[in-house]
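> Please read through the structure below; I'll follow up with questions.
The values are calculated or read from the model by the stated rules, or taken from the named source; none is laboratory data. Everything numeric here is computed off the predicted structure, so don't read it as measured data. Neighbour counts run over all protein chains shown; Cβ positions are idealised from the backbone, glycine included.
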Amino acid sequence: MTRSLFVFFFIFWCFSNPAIAQKRETSGPVYIDSARAVPVEALSKRKLIPPSTEFKIVNPRNRGINKVVPGKGLPKTMDATRQAEPGKVPVKSPILSFDAAVSRSTPTDPTGAAGPFHYVNGWNSAFSIFDKSGNQLVPPASLASIGGEFTNETLGDPIILYDEFADRFLITQFSDTPESFLVAVSRGPNPVNDGWYTYRFNTNGALPDYPKISVWSDGYYVTTNKNSRTASTSQVVYVFERDRMLVGETAQVVGFPLPGINTNGFYSPAGFHAMGDDLPPRGNSPIIYMQDDSWAGISEDHLKIWNINMNWSNPRPLQ
C-alpha cells in the first residue's frame with residue numbers, strides 16, 4: 001500500500017508541479033490494418049525444427065557509440081535525491097533454478113513468461129516449454145516450428161507474454177518480408193497441447209525494433225523503437241484487437257504516434273501492464289517515457305505520459 005501511494009503521489013506531483021507539467025498534445029490513430037488468424041495444431045503433434053546453432057554477434061558492444069545515459073545528463077552537480085549508500089533489499093532464496101537455454105549468439109535476447117502450470121522460454125529465434133517443476137515439455141525448437149504465419153520465419157528477437165486474465169500465452173517475433181509482427185496466441189491455457197492462433201500484423205514500413213508488449217483491457221499494446229525522427233507523427237505504438245485474437249477471429253491493428261516526444265536516436269517507451277484479479281476499465285491505457293535534459297529540446301528531466309483510448313468500432317485515422 002505504501003508503494004502504491006508513493007507512485008500515486010509522485011505522478012500527481014509531476015502533473016501538478018508547474019516546473020514538470022507539460023503542454024497537452026493529442027493525436028488520433030495514423031495507421032489501421034487487420035490480419036486474419038491462421039490456426040495451427042498443438043506443438044505436441046508437430047514435427048519440431050531444431051534451433052540454429054550458428055555463432056552470431058549482432059552489434060558487438062558498440063563501445064563509445066552511446067554518449068548519453070538516460071538520467072545521467074544535466075545538471076552535472078550532485079543529485080539531491082541520490083541515495084548516499086546502497087540499501088539492503090531482503091530477498092528469498094529461489095524455490096527452483098534450472099538452465100533454460102543455451103545460445104551461441106550475442107546478444108541472446110532472453111525472454112520468458114510463467115503461467116500457473118507452464119514456463120515458456122525464448123531466445124534469439126528459438127523457444128522451449130517447461131512445467132513448473134523444471135521438466136522440459138517441449139525441447140528447444142526454432143520459432144518456425146510454431147507453423148502458420150511463423151512457417152519459415154526465423155528473424156527472431158521474440159517476446160513471450162502471459163495474459164493472466166485470459167490464461168493464454170503469446171509468442172511474437174519480427175518479420176521483414178514485409179516488415180511486420182508475427183504473433184502466436186495459445187488457443188487455451190496449455191501451450192503444449194492446445195494449439196495456437198497465428199497472426200501477421202503489417203507495421204507499414206520500418207522494422208518494429210525493440211518491442212515492449214503489455215496487456216490492457218481493450219488490447220495488446222506494443223511500443224517500438226521505430227521512426228525515431230518522426231515518432232511524434234508516425235505509427236510507433238501499435239494496439240492489437242485482443243478480444244478477437246483470443247477467439248481466432250480476424251483482428252485489427254491500429255498505430256499511434258507519440259505527439260511531443262523528443263528522442264535521442266534509440267528510444268524506448270513502455271505501456272502499463274495490467275495485473276491482478278480484474279482488468280482495468282477500458283480506455284486510458286498509459287504509455288510512459290523518460291525525457292532526458294541531455295537531449296535536444298528538453299530543458300529538465302521529466303516523465304512524459306500519453307493515454308490511448310481505443311475505439312475498435314470506429315478507429316478513424318487522421319486525414
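The rows are residues; the columns are (1) under 21 Å from Ile49 (Cα atoms); (2) free of Cβ contacts under 8 Å to residues at least 12 places away in the same chain; (3) surrounded by 21 or more Cβ atoms within 10 Å (Cβ to Cβ).
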position: Asp99; (1), (2), (3): yes, yes, no
position: Arg104; (1), (2), (3): yes, no, no
position: Val120; (1), (2), (3): yes, no, yes
position: Ser128; (1), (2), (3): yes, no, no
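> Continuing with this model, one more query. Go through segment 191-213 and report how many residues are in contact (Cβ under 8 Å) with a residue 40 or more places away in the chain and outside any strand (DSSP E or B).
7
> Scan segment 184-199 for residues that are closer than 15 Å to Glu249 by Cβ and either surrounded by fewer than 24 Cβ atoms within 10 Å (Cβ to Cβ) or of a type in the set (S, T, N, Q) (or both) and report the count.
Of the residues in segment 184-199, 2 are closer than 15 Å to Glu249 by Cβ and either surrounded by fewer than 24 Cβ atoms within 10 Å (Cβ to Cβ) or of a type in the set (S, T, N, Q) (or both).
> Identify all residues within segment 229-275 that are among the small types (Gly, Ala, Ser) and closer than 19 Å to His302 by Cα; write none if there are none.
Hits for segment 229-275 are Ala231, Ser232, Gly260, Gly265, Ser268, Ala270, Gly271.
The rows are residues; the columns are (1) surrounded by 17 or more Cβ atoms within 10 Å (Cβ to Cβ); (2) outside any loop (DSSP other than H, G, I, E, B); (3) not charged (D, E, K, R).
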residue: Gln252; (1), (2), (3): yes, yes, yes
residue: Gly260; (1), (2), (3): yes, no, yes
residue: Gly276; (1), (2), (3): no, no, yes
residue: Met290; (1), (2), (3): no, yes, yes
residue: Glu300; (1), (2), (3): no, no, no
residue: Asn307; (1), (2), (3): no, yes, yes
residue: Asn311; (1), (2), (3): no, no, yes
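> Restricting to segment 211-229, and then to whatever is more than 14 Å from the chain's Cα centre (by Cα) and within 20 Å of Phe174 (Cβ to Cβ), can you tell me which residue is surrounded by the most Cβ atoms within 10 Å (Cβ to Cβ)?
The extreme case among them is Asn227.
> For Glu179, only one of the following conditions fails: (1) surrounded by fewer than 23 Cβ atoms within 10 Å (Cβ to Cβ); (2) more than 20 Å from Ile32 (Cα to Cα). What is its number?
(2)
> Report yes if Phe150 is touching a residue at least 12 places away in the same chain (Cβ under 8 Å) and more than 17 Å from Asn190 (Cα to Cα), otherwise no.
yes
> Can I ask one more? For Thr108, work out the one condition from (1) at pLDDT 75 or above; (2) of a type outside the set (Gly, Ala, Ser); (3) exposed (fewer than 10 other Cβ atoms within 10 Å of the Cβ) it doesn't fulfil.
Going through the list (1) at pLDDT 75 or above; (2) of a type outside the set (Gly, Ala, Ser); (3) exposed (fewer than 10 other Cβ atoms within 10 Å of the Cβ), Thr108 breaks only (3).
> Also, I was wondering about something else. So Gly188 clears everything in (1) part of a strand (DSSP E or B); (2) modelled with pLDDT of 95 or more; (3) more than 26 Å from Asn311 (Cβ to Cβ); (4) not β-branched (Val, Ile, Thr) except one condition, right? Which one?
The one condition Gly188 does not meet is (1).
> Moving on to the next point. Inspect all residues belonging to segment 220-236 and state whether any of them is part of a loop (DSSP other than H, G, I, E, B) and within 15 Å of Val185 (Cα to Cα).
Looking through segment 220-236, none of the residues is part of a loop (DSSP other than H, G, I, E, B) and within 15 Å of Val185 (Cα to Cα).
Residue by residue, here is whether (1) assigned to a loop (DSSP other than H, G, I, E, B); (2) over 30 Å from Gln252 (Cα atoms); (3) at pLDDT 75 or above holds:
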residue: Phe8; (1), (2), (3): no, yes, no
residue: Asn66; (1), (2), (3): yes, yes, no
residue: Val89; (1), (2), (3): yes, yes, yes
residue: Pro94; (1), (2), (3): yes, yes, yes
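> Look at segment 122-137 and say how many of its residues are in a strand (DSSP E or B), in contact with a Leu (Cβ under 9 Å, 6 or more places away or on another chain), under 18 Å from Leu161 (Cβ atoms) and not aliphatic (A, V, I, L, M).
4
> Being in a strand (DSSP E or B) and among the β-branched types (Val, Ile, Thr) is the filter here; which residues of segment 31-55 pass it?
Ile32, Val38, Val40, listed by residue number.
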